[in-house]
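Encoded as structure tokens, the structure appears first; notes follow it.
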Amino acid sequence: MIRDRDSKFTALFDEVFTTEGIRVVLSAPQAPRMNAVMERWVGSVRRELLDRILVMNERHLRKVLAEYETHFNMHRPHRALQQGSPLRALPEPVDADIDVSRRDRLGGLLHEYAQVA
């Protein structure tokens, strides 16, 4: 488990996890943005996925999260990347009329759009 160095987390808090065989890793000192990236991702998962789907069991959750991770990294537009995706470059702008195809993922919960040549 990764946690920050907040004083509200006592040694007893860490001991609960270590007795279960879970290693507690502290975030780097004086690194305020370290947790922000993961908190942003967890917030996106909750808003865009988990608040809209009923998860049946751990296997189903793992499958749904894997599908969302692929969508998040390959197709979902990100403002910081000028509407690009982390693992896919933006296509070159085209002046001609283009057709757009839509692919639904997770039963229509997520939509991905692509240009059709």
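Can you tell me, using C-alpha contacts under 8 Å and at least 6 residues apart, the relative contact order of the range 32-88 as a whole percent? Kindly include the intermediate steps, with their values, before the conclusion.
Numbers: 23 pairs, mean separation 11.1, N = 57.
It comes to 20 percent, rounded to a whole number.
Ignoring everything except DSSP H segments at least 4 long, calculate the 222 nm mean residue ellipticity for the chain; use -39,500 (n - 2.57) per segment, divide by total residues, nearest 500.
-10000 deg cm²/dmol
Work out, step by step, the length gained on full extension between Tyr113 and Met56: first 0.36 nm times the residue separation, then minus their alpha carbon distance; give nm to one decimal.
Extra length available between Tyr113 and Met56 comes to 17.7 nm.
For a quick check of your reading of the filter: which trypsin sites (Lys or Arg not before Pro) in the range 18-117 sit in a DSSP loop and have no more than 15 other Cβ atoms within 10 Å?
In loop regions of the range 18-117 (DSSP not H, G, I, E or B), the sparsely surrounded trypsin sites (Lys or Arg not before Pro) are Arg23, Arg33, Arg52.
For the range 19-117, rounded, prolate or oblate, judged on the Cα gyration tensor with a ≥ b ≥ c (square roots of eigenvalues), a/c < 1.5 rounded, else prolate if a/b > b/c?
In terms of gyration-tensor shape, oblate.
Readers should treat all values here as calculations from the given coordinates under stated rules, not as data from a laboratory. Remember, predicted model here, so these are calculated numbers, not experimental data. When we count neighbours, we look across all protein chains shown, and the Cβ atoms used for this are built from the backbone with ideal geometry, even at glycine.
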